[in-house]
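Structure first, then comments.
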Amino acid sequence: MKSKEVYKEIDQIITPVLKEKGFKKAKTGMLGFYKLLKKNYLIIWFQCSQDGFDVHTGSKFVVELQISEQNFLGGLAIVRNRIPWYLLKDELSKIVELENEIRSKFFRPQSNHYIFTTSKADQDWYFKKFEPLTEEYINSSDIWFKFYDNKDIRKWLYIIEPAISRIIADYESSDY
């Protein structure tokens with residue numbers, strides 16, 4: 001699954017919600033949005049992993065938010081955090097549950113896969129992707145939303161979209 005396909009799937013669900021809240025779409029390779037709040041911009045964007053898509057373990061994306069004087073993604077920020085920083089405990093628990101559901105769909109490669117020609121450390125890193133999470137995420141966790149297909153992306157968005165709406169409301173009512 002190419003990043004354009006991932007962004008298209010996210011776009012179908014997120015764009016109508018953010019447009020309704022007054023956000024404009026950023027013109028960039030990633031899927032991003034911005035809105036002027038008081039004198040600074042609230043910027044939200046989705047970024048696909050540069051690892052690409054693996055037929056055994058799918059891929060992943062991340063969500064970032066920032067407050068900035070300018071309206072471009074990833075620029076100099078007053079505040080910049082990935083979405084876990086803002087999530088509530090029950091949302092973090094739902095993420096672990098869904099990630100484990102998605103990981104259960106991953107299938108281990110056969111013995112002729114390239115991973116078996118790499119170091120033990122690389123193999124351990126790769127095969128850890130197949131193991132269920134056993135610990136809860138916390139707000140400082142670096143969460144990448146793993147997916148294997150479009151259905152997984154949509155499932156993530158049903159958790160992420162309400163959180164984004166809450167975060168927007170919090171920023172709109174604050175001095176950041």
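Evaluated with a Cβ-only charge set (Lys, Arg +1; Asp, Glu -1), the chain carries a dipole of roughly 580 debye about its Cα centre, given to the nearest 20.
Neighbour counts of other Cβ atoms within 10 Å put PHE130, PHE107, PHE23 in the fewest-to-most order PHE107, PHE130, PHE23.
Between 0 and 90 degrees, rounded to the nearest ten: what's the tilt of helix 3-20 against the longest Cα principal axis of the chain? Compared with the principal axis, the helix lies near 30 degrees. The angle separating the long axis of helix 89-103 from the principal Cα axis of greatest extent in the chain is about 40 degrees. Computed from Cα positions, the angle between helix 150-172 and the longest principal axis of the chain comes to roughly 30 degrees. In the set (i) 21.4; (ii) 18.5; (iii) 17.3, the label that goes with Kirkwood radius over Cα pairs in Å computed for this structure is (iii). About the centre of its Cα atoms, segment 57-160 shows a dipole size close to 300 debye [charges on the beta carbon of Lys, Arg (+1) and Asp, Glu (-1) only; nearest 20 debye]. Ordering THR117, TYR137, ASN150 by the projection of their Cα atoms onto the charge dipole of segment 98-157, which places +1 on the Cβ of Lys and Arg and -1 on the Cβ of Asp and Glu, puts ASN150 at the extreme positive end.
Bear in mind that the values in this text are calculations on the coordinates, not laboratory data. All figures in this text were calculated on a predicted structure; none of them were measured in a lab. In this analysis, Cβ positions are derived from the backbone assuming ideal geometry, glycine residues included, and neighbour counts consider all displayed protein chains.
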